[in-house]
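Single-structure report; data block below.
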């Protein structure tokens, strides 16, 4: 499920991103994305490709990885994100939920650390 008011468009600094055509209230689930779960051995192969930048660590012990379908791989990172993602291991899906009201035309951002307000430095230089 991807909300009908979401769209992908170019960003000035990060290639592409996810945006909204309408105002979205806080605590709104805007996307439920199924995932493809892969093993540690498959992760080693993916780490050698461009897909490395789009996969998520997965599992209670982060001993797997997954590729999310839908728009999830396109959300850009921010330490001041306006959305957060939650992993549902049982149902093999990731949900995206707003953490504050979002204005029409605004880019939707997640914190790649997992928690929307986690300011731990990332494994790459974030803008």
* Please specify each residue of segment 90-118 satisfying the condition of being surrounded by fewer than 19 Cβ atoms within 10 Å (Cβ to Cβ) and modelled with pLDDT under 95. => 113, 114, 115, 117, 118
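Listed here are the residues, each with its yes/no results for (1) over 18 Å from residue 96 (Cβ atoms); (2) touching a residue at least 12 places away in the same chain (Cβ under 8 Å); (3) out of contact with any strand residue (DSSP E or B) (no Cβ under 8 Å at 6 or more places or on another chain).
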{"residue": "28", "(1), (2), (3)": "no, yes, no"}
{"residue": "32", "(1), (2), (3)": "no, yes, no"}
{"residue": "46", "(1), (2), (3)": "yes, yes, no"}
{"residue": "49", "(1), (2), (3)": "yes, no, yes"}
{"residue": "54", "(1), (2), (3)": "no, yes, no"}
{"residue": "62", "(1), (2), (3)": "yes, no, yes"}
{"residue": "67", "(1), (2), (3)": "no, yes, no"}
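Looking at segment 1-12 only, could you name the residues that are touching a strand residue (DSSP E or B) at 6+ places or on another chain (Cβ under 7 Å) and in a loop (DSSP other than H, G, I, E, B)? Full working, then the answer.
Of all residues in segment 1-12, those touching a strand residue (DSSP E or B) at 6+ places or on another chain (Cβ under 7 Å) come to 1-3, 5-11.
Hits for segment 1-12 are 1, 3, 5, 11.
The values are calculated or read from the model by the stated rules, or taken from the named source; none is laboratory data. Predicted, not measured: the structure shown is a model, and the values here were computed from it. Heads up, the Cβs are rebuilt from the backbone with ideal geometry, glycines too, and the neighbour counts pull from every protein chain shown.
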